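Working notes, beginning with the structure itself.
The values are calculated or read from the model by the stated rules, or taken from the named source; none is laboratory data. Computed from a prediction, not measured in an experiment: that's the story for all the values here. Note that we place each Cβ from the backbone using ideal geometry, even for glycine, and neighbour counts take in every protein chain shown.
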């Protein structure tokens, strides 16, 4: 059994199929062959036996009475191995069995014979054990004095079975260790004896000797049930007899295949659960000498077309007319089969008399499908009119492109979808399509500046290209916008596809010169006393002025100690700051001007407040009159703080401007993020340019407020993704400080503006 074979380490694996789940394979069709000494070595007698076996579909031969074979004769053993090899290689006999009744026969003769043969086609692969312990006459006449009594066994059925069981276990072990099948010929065992044999044998030849096929199945049914009672798979081959006392006369008018057809037909109709453990794998006849010499069958194959083709193709193989067909490989039973795999195909055709023959092989060769060819492009497959690209196929026998070219490479300059079919031998394969696209001429890009292209030192201007598929600036940048802070001629290429572009006109950016650093002239002593409580500080001449104490006149009068600086703006809008001039009181050296930090933003809405905190000092005096280090304010205005060291010795901070804006309800705006909100020029005069970036196309609101929160203008801007530019006429606005406020639903930005 399979379980026993695994434990014995046998390499062979036998797949046992349940008849209830699958049709029986019927792979074994055998007969016993006697009197080996009389025909072995005679080519004509050997061929007659083998032609009969092939013509009637037999593939298993059991050599009987090998006990009388000349095992000491090298010549006879060579003739035996030659016969076995010829039967296997020329006549389709796949199994050869050696029959014996004691273990020493197999150990002393069969195993050494197999071992002496290096060619596996010359060996026995079935050890057939036959010891008829269930027949009383055989026990008394054949076994008692020869085997049983000398070995201490009783000369009855029980003793004979005990002896036979001990011998078979040894035979089974020999088969397992020599890579062979153990087979037990069995007559009429009781249930327990059947279970013992079924637990060990690889397969059982089950006695079914009847005179006709009428009750051939019913005769052995109970023994099948007993064999299945172990609930493990058991392989069974019913054995029929063609002797005159059994089916010999009946076979004169019936085919030799009919008994098994009847047997397996009854078995197929069984419904008992025991059936799942029985594997009917064919049948055996006893023996060749009594077999009727039925009409020799003929088997031929015709083909529907070539038998050599590529993967995906097929050919129909058709047998000549008969009553039954069995193809190999595959096991199909139809007259015609469709073949799509390489192999050597034969068919066994059974005629109406029950005789059969196997055809000569038809060899089908299926060539491997060629790998799908690949197409490589020498460059971009999207280019401007007038351009081209070379397409090259992977190697093959021959080429056919979709444009009719037959070279391995083609150069194309027109748009289209290109593929190549490569053929090698009888096989072809086609590549995927390569799409070649011609773009229209690129549009000349336009450069827009975020503000004036005349820039002061330390400032930048953003240059943005109009929309294109790609960008290349004269600086090497590949973004849509660049920020520049030095003089130069800047241009951009706008691409519509690889290698297809147009170049913009140059935008000239000029870096302006800052005005001369201003100087401060004191109109008297910078040491204040009761005799000169004030001093005039005057800036050198410029277009405009802004002192750190807040005034915007050229000359200021100061009466408090501190460090004073002035920032001047030249005619080109650029600024420069002076060095500090220190004013003291009665020899007081003012401390450094205090710095002011804010707890929040300097732009607030009504109801909000912000805390202003001075850097540490000996004392404090805010412009609000408060004398604490920190103050909280909720009104717009410019706030300063004096930082004292002692007495009336102090310095004043730069003014901190707190501005108001009035928030508006956002209605119907698309969610967008706005940032990089800038204005130029700043300070401005009559016209302001604004720039911001938006995360998406959206509606945003721009407002401009006085520092007290009065809205001076309001507009809705339909922005696009990226950089957006707009301007505002402020010529009519009073001069002073303003807040520009930009709102989207996702974010708000503000910028402080000075008009002068």
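A few points about this structure:
- From the list 137, 118, the lone residue that is part of a helix (DSSP H, G or I) and at negative phi is 137.
Per-residue answers, yes or no, for (1) under 30 Å from residue 47 (Cα atoms); (2) surrounded by fewer than 20 Cβ atoms within 10 Å (Cβ to Cβ):
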| residue | (1), (2) |
| --- | --- |
| 120 | yes, yes |
| 146 | no, yes |
| 183 | yes, no |
| 197 | no, no |
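- Conditions (1) under 60 Å from the mean Cα position of the chain (by Cα); (2) modelled with pLDDT of 85 or more; (3) part of a loop (DSSP other than H, G, I, E, B); number of the one not met by residue 597: (3)
- Test set (1) more than 30 Å from residue 56 (Cα to Cα); (2) surrounded by 12 or more Cβ atoms within 10 Å (Cβ to Cβ); (3) touching a residue at least 40 places away in the same chain (Cβ under 8 Å); (4) touching a strand residue (DSSP E or B) at 6+ places or on another chain (Cβ under 7 Å) - residue 374 fails condition number: (4)
- Selection from segment 344-366 of residues that are surrounded by 15 or more Cβ atoms within 10 Å (Cβ to Cβ) and closer than 16 Å to residue 308 by Cα: 345, 362, 364, 366
- Residue list for segment 602-626, filter: exposed (fewer than 14 other Cβ atoms within 10 Å of the Cβ) and under 17 Å from residue 654 (Cα atoms): 611, 616, 625
- Only one of the listed residues (444, 369, 414) is under 41 Å from the mean Cα position of the chain (by Cα), in contact (Cβ under 8 Å) with a residue 60 or more places away in the chain and surrounded by fewer than 17 Cβ atoms within 10 Å (Cβ to Cβ). That residue is 369.
- Unique match (being without any contact (Cβ under 8 Å) to a residue 24 or more places away in the chain and within 23 Å of residue 282 (Cα to Cα)) among 172, 202, 154, 215: 215
- With respect to the conditions (1) loosely packed, with under 13 Cβ neighbours inside 10 Å; (2) assigned to a loop (DSSP other than H, G, I, E, B); (3) outside the structural domain of residue 49 (by TED's automatic domain parsing), residue 316 falls short on a single one, namely (2).
- Pick from segment 688-742, criterion part of a loop (DSSP other than H, G, I, E, B) and closer than 13 Å to residue 660 by Cβ, ranking: modelled with the highest pLDDT: 710
- Single residue of 291, 247 found to be over 28 Å from residue 337 (Cα atoms) and at pLDDT below 95: 291
- Residue in segment 621-628 that is out of contact with any helix residue (DSSP H, G or I) (no Cβ under 6 Å at 6 or more places or on another chain), under 27 Å from residue 581 (Cβ atoms), in a strand (DSSP E or B) and at pLDDT 80 or above present: yes
- So residue 167, is it surrounded by fewer than 19 Cβ atoms within 10 Å (Cβ to Cβ), assigned by TED's automatic domain parsing to the domain that holds residue 67 and under 16 Å from residue 196 (Cα atoms): no
- Of all the residues in segment 260-313, those that are closer than 17 Å to residue 248 by Cα and in contact with a strand residue (DSSP E or B) (Cβ under 9 Å, 6 or more places away or on another chain) number 10.
- Of all the criteria given as (1) surrounded by 13 or more Cβ atoms within 10 Å (Cβ to Cβ); (2) assigned to a loop (DSSP other than H, G, I, E, B), the one not satisfied by residue 546 is (2).
- Qualifying residue in segment 56-67 (condition: assigned to a helix (DSSP H, G or I) and either more than 18 Å from residue 286 (Cβ to Cβ) or out of contact with any helix residue (DSSP H, G or I) (no Cβ under 9 Å at 6 or more places or on another chain) (or both)): no
- For segment 208-225, the set of residues classified as surrounded by 21 or more Cβ atoms within 10 Å (Cβ to Cβ) and not in a loop (DSSP other than H, G, I, E, B) consists of 223, 224, listed by residue number.
- Given (1) more than 27 Å from residue 355 (Cβ to Cβ); (2) assigned to a helix (DSSP H, G or I); (3) out of contact with any helix residue (DSSP H, G or I) (no Cβ under 8 Å at 6 or more places or on another chain); (4) in contact (Cβ under 8 Å) with a residue 12 or more places away in the chain, index of the condition residue 263 fails: (1)
- Considering residues of segment 172-205 that are part of a loop (DSSP other than H, G, I, E, B) and within 56 Å of the chain's Cα centre (by Cα) only, the residue farthest from residue 95 (Cα to Cα): 199
- With respect to the stated conditions, residue 240 fails to be part of a helix (DSSP H, G or I), touching a helix residue (DSSP H, G or I) at 6+ places or on another chain (Cβ under 7 Å), assigned by TED's automatic domain parsing to the domain that holds residue 110 and at negative phi.
- Those strands (runs of 3 or more DSSP E) of segment 428-470 in which 1 or more residues are within 30 Å of residue 389 (Cβ to Cβ) occupy 434-438, 461-465.
- For segment 94-112, the candidate set comprises residues that are closer than 30 Å to residue 358 by Cα and at pLDDT 95 or above; within that set, the residue that is farthest from the chain's Cα centre (by Cα) is 99.
- One residue stands out in segment 729-756 among those that are farther than 26 Å from residue 608 by Cβ and touching a strand residue (DSSP E or B) at 6+ places or on another chain (Cβ under 8 Å): the one that is surrounded by the most Cβ atoms within 10 Å (Cβ to Cβ), namely 730.
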